[in-house]
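A short reminder: the numbers here are calculations on the coordinates, not readings from a lab. All values reported here derive from a predicted model rather than from experimental measurement. In this analysis, Cβ positions are derived from the backbone assuming ideal geometry, glycine residues included, and neighbour counts consider all displayed protein chains.
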Amino acid sequence: MSPDWLRKRPIAHRGLHGDGIPENSLAAFEAAVESGYPVELDVRLTADGVAVVCHDERLQRLCGMDAAVDEVEWAELSELTLLDSDQSVPTFDAALRAIDGGVPVLVEVKNRGRPGSVESAVATVLDGYDDPFAVQSFNPLTVGWFRRNRPGWPRGQVAGRLRNVPEVGPLARFTCRRLLASPLARPDFVAYEHDALPYWPVTLHRKLGVPVLAWTVRTPAALERARAHADNVIFESVRP
């Protein structure tokens, strides 16, 4: 499966959201397809093992519920709405059906622990999806899981300084920033925090032919700067 699309068209972070369309919603994915932007989305598991599209570990910001996604079963989660809209948290399968091959999909797998259940659930859904996609994660163990279990799939390492990611500890932050796990994960591409570029480990990967995506670009100035140091951008709030 060729990852060439990762270099070509800017990628909509959590879909094309804003102006009443919540992030990681079916409406956001449909808007991205309509505008021709590939979609980046996040996948977690519910308490009963359903793969759903949700960035946050907890549901407070998006749904007003003081619980973690993995503490709530799908039947209950499906009744919640996103940010006072008529949209709800979609299953991963429903998100792919909404996109339906209209644009490529960049799937971020959310797992801070050892790989297994989340990765298997994502793989099971993607096994039946015939259109372009790639997987990525902050967790190099997750990226390594896909290297071993789905070696033909494009896989990426998400990284950066991660100063505003409290769940990432000092050792993981040190390793992630310097891409020290690349020999284990062997990423086909790197998605790196845009305002931490340029940085020599990322530059080295790029010189070796590994595409670099800059995340998350939100202003015209950041877009211009990111394009000088990366092959593509993951964006929101600004239209590249």
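Of note:
- Stretch gain in nm, segment Asp48-Asp84, where the contour uses 0.36 nm per residue and the Cα spacing is subtracted: 10.4 nm
- When His194, His205 are sorted by how many other C-beta atoms sit within 10 angstrom of their C-beta, beginning with the fewest, the order is His205, His194.
- FRET efficiency estimate (nearest 0.05) - Cβ-Cβ, Glu34 to Thr219, R0 35 angstrom: 0.90
- A full extension of the chain between Asp127 and Ala67 corresponds to an added length of 18.6 nm, given 0.36 nm per residue minus the alpha carbon distance.
- Cα gyration tensor, the stretch 155-203 - rounded (a/c under 1.5), prolate or oblate: oblate
- Computed from the Cβ-Cβ distance with R0 of 25 Å, the FRET efficiency linking Ala94 to Thr175 stands at 0.15.
- Label-to-label distance, Ser117 versus Ala196, with points set 7 angstrom from Cα along the beta-carbon direction: 2.8 nm.
- Springs between Cα atoms under 10 Å define the GNM used for the chain, and in it the highest mean-square fluctuation of Pro132, Pro170, Pro104 occurs at Pro170.
- Rounded FRET efficiency, nearest 0.05, which uses the C-beta distance separating Arg58 from Arg186 and R0 of 35 Å: 0.65
- Cα gyration tensor shape for the chain, rounded if a/c is under 1.5, else prolate or oblate: rounded
- With the charge dipole of the chain set up from +1 on Lys and Arg Cβ and -1 on Asp and Glu Cβ about the Cα centre, the Cα lying farthest toward the positive end among the listed residues Trp153, Ala67, Ala28 is that of Trp153.
- Nearest-ten-degree value, helix 220-229 long axis tilted from longest Cα axis of the chain: 50
- Longest segment of the chain lacking trypsin sites (Lys or Arg not before Pro) that sit in a DSSP loop with at most 12 other Cβ atoms within 10 Å: 9-162
- For the stretch 4-235, the dipole from Cβ point charges (+1 on Lys and Arg, -1 on Asp and Glu) about the Cα centre works out to 1700 debye, to the nearest 20.
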